[in-house]
Amino acid sequence: AQTVTQSQPEMSVQEAETVTLSCTYDTSESDYYLFWYKQPPSRQMILVIRQEAYKQQNATENRFSVNFQKAAKSFSLKISDSQLGDAAMYFCAYRNSGAGSYQLTFGKGTKLSVIP
Amino acid sequence: GAGVSQSPSNKVTEKGKDVELRCDPISGHTALYWYRQSLGQGLEFLIYFQGNSAPDKSGLPSDRFSAERTGGSVSTLTIQRTQQEDSAVYLCASSLATGFNYGYTFGSGTRLTVV
């Protein structure tokens, strides 16, 4: 079974600064997908960024980028130019890539605070 | 609808009572998922629907939990004889299909408190 570990229960960052959230995972699969989700107080999970394991290039979405280290099974999220609206819980998630695979395995989350 | 709608938003129930949680997915989304988020935990998979069928119920924690989906649309998660450990946020998500390019859209969840 796959597992996802987020070792930082809480993080804080000054507005406009950069912060990196850590995620490691364990799998015996060679192809899979990784995701970062944001959960604001509204509780709705919002997809921030996603990565396909067979792609070596790190995914980027505006101020959000990942550092994907396949050999180390690490998938960290970097948030640049942090904004007050980035304050939320962030969850790392894993999904197999096989046909019909749909189940997401989540880490326990990192609570990010943004200091004005 | 424009998004995934869940009701009620919050539910407080007495231990031993039955509860029903509703999920109204995005129109046309054939796949529907239920997850549970306990305090301080990540999301835990409960059940997956493809159309009205549930090919994977492996995450349901006990036989007190059941779910159905009708008309390929609305889904109801039922918890019988609720226990305090059932207190959690129950999140529903839907997707057009199950491939990587078909992302999940989550609802805002139902916070269930069993007293």
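Nothing in this text is a laboratory measurement; each read-out follows from the coordinates by a stated rule. Please read these numbers as outputs of a predicted model, since none were measured by experiment. Virtual Cβ from ideal backbone geometry, glycine too; neighbours counted across all protein chains shown.
How many lysine pairs are close in chain A, with Cα atoms under 15 Å apart and the two 8 or more places apart or on different chains?
The number of close lysine pairs in chain A is 6.
Taking Cα atoms of chain A, Rg/Rh with Kirkwood Rh, to two decimals?
0.96
Name all residues of region A:61-83 having a backbone nitrogen under 17 Å from the label point set 7 Å from the Cα of residue A:8 along its Cα→Cβ direction, giving them as ranges.
A:63-69, A:74-83
Towards the positive end of the charge dipole of chain B, with charges on Cβ (+1 Lys, Arg; -1 Asp, Glu), say which of B:110, B:95, B:51 has the farthest Cα.
Of B:110, B:95, B:51, it is B:110.
For region B:1-112, give me the percentage of DSSP beta bridges that are antiparallel, rounded to the nearest 5 percent.
If I count the DSSP bridges inside region B:1-112, around 95 percent turn out antiparallel.
So for the pair residue B:83, residue A:72, with labels modelled 7 Å out along Cα→Cβ, what separation do we get in nm?
4.1
Choose one answer from B:41, B:84, B:50: the residue with the largest mean-square fluctuation in a GNM of chain B with alpha-carbon springs under 10 Å.
Largest GNM mean-square fluctuation: B:41.
Could you list B:57, B:17, A:73 in order of exposure, starting from the residue whose Cβ has the fewest other Cβ atoms within 10 Å?
So the residues, fewest neighbours to most, are B:17, B:57, A:73.
Could you give P(r) for region A:37-97, binned at 5 Å from zero, as whole percent values over all Cα-Cα pairs?
Per 5 Å bin, starting at 0, the Cα pair percentages come out as 4, 16, 27, 25, 15, 9, 3, 0.
Can you compute the modelled spin-label distance between residue B:111 and residue A:17, with each label point 7 Å from Cα toward Cβ, in nm?
The modelled label-to-label distance comes out at 3.0 nm.
Which order results if B:47, A:46 are arranged by neighbouring Cβ count within 10 Å, fewest first?
A:46, B:47
With +1 assigned to the C-beta of every Lys and Arg and -1 to the C-beta of every Asp and Glu, and no other charges, what is the dipole magnitude of region B:1-78 about the Cα centre in debye, to the nearest 20?
Around 120 debye, computed over region B:1-78.
When the distances between all Cα atoms of chain B are binned every 5 Å from zero, what whole-number percent does each bin get?
Reading upward from the zero bin: 2, 13, 24, 27, 19, 10, 4, 1, 0.
Taking the Cβ of each residue in B:30, B:105 as the centre, tally the other Cβ atoms inside 10 Å and list the residues starting with the fewest.
Listed from fewest to most nearby Cβ atoms, that is B:30, B:105.
Tell me the relative contact order for chain B as a rounded percent, counting alpha carbon contacts under 8 Å between residues six or more apart.
Normalised by residue count, the contact order of chain B is 36 percent.
Exactly which GluC sites (Glu not before Pro) in region B:1-87 are in a DSSP loop and have at most 15 other Cβ atoms within 10 Å?
Listed in order of number, the matching sites are B:14.
Roughly speaking, what is the centre-to-centre gap between region A:44-76 and region B:3-82 when only Cα atoms are used, to the nearest Å?
Using only Cα atoms, the two centres lie 29 Å from each other.
Where does the protein assembly as shown land on Rg(C-alpha)/(2.2 N^0.38 Å)?
1.02
Determine the shielding of peptide B:42-49 by partner chains: average, over its residues, the number of Cβ atoms on other chains within 10 angstrom of each Cβ.
4
I want to verify a result. In a Gaussian network model of chain A, Cα cutoff 10 Å, which of these has the top mean-square fluctuation: A:76, A:28, A:12?
Of A:76, A:28, A:12, the Gaussian network model singles out A:28 as fluctuating most.
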